[in-house]
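Okay, so here's the structure we're looking at.
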Amino acid sequence: MQVQDMTALQGELAQAQQEKAKQEEKIAAYEEERQKLHWELSNLQRSQEQSKQEVSVYQAFPQGTVSRRELSSRAQHWQQLHEDSEQALAMREKELVVCKVELSFLKEELSKATEQVQDRNRQHHSP
């Protein structure tokens, strides 16, 4: 093998390694974002469950304790909070799906780059 070929191969290897490092950074960032979204999703689910429970409690109040109008107002308020939580939850779930797809794509790209580097190394070291 000629010196020029070796230099070219070393350049390609360095470039492939840089690309691999970039892909790994992207994967780490997407994984961090996925975990953040998962945490937010869990919080929204807990909030939604709490809202459901609070609505049930207000609906169970004895009629004489709180006026019907006040009770109705509270129930509407909690119902609106519940609906808002459901909408936010749905949006976060969609974002999570997108992140998972992007993460999968980046992992595939990293796998391809790794395979290319390994192929070049094998070709370089084969007699």
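When L110 is tested against (1) touching a helix residue (DSSP H, G or I) at 6+ places or on another chain (Cβ under 6 Å); (2) over 28 Å from H125 (Cβ atoms); (3) not acidic (D, E), exactly one condition is not met: (2). If the condition is being charged (D, E, K, R) and either in contact with a helix residue (DSSP H, G or I) (Cβ under 7 Å, 6 or more places away or on another chain) or modelled with pLDDT under 85 (or both), then the range 32-56 contributes E33, R34, E40, K52, E54. Among all positions in the range 62-83, there is no residue which is within 18 Å of the chain's Cα centre (by Cα), at pLDDT 85 or above, over 21 Å from E102 (Cα atoms) and assigned to a helix (DSSP H, G or I). Being in contact with a Ser or Thr (Cβ under 9 Å, 6 or more places away or on another chain) and either modelled with pLDDT of 80 or more or surrounded by 16 or more Cβ atoms within 10 Å (Cβ to Cβ) (or both) is a property that A29 lacks.
The values are calculated or read from the model by the stated rules, or taken from the named source; none is laboratory data. Because the structure is a prediction, the values reported are computed rather than measured. Please note: Cβ atoms are built from the backbone with ideal geometry, for glycine as well, and neighbour counts cover all protein chains shown.
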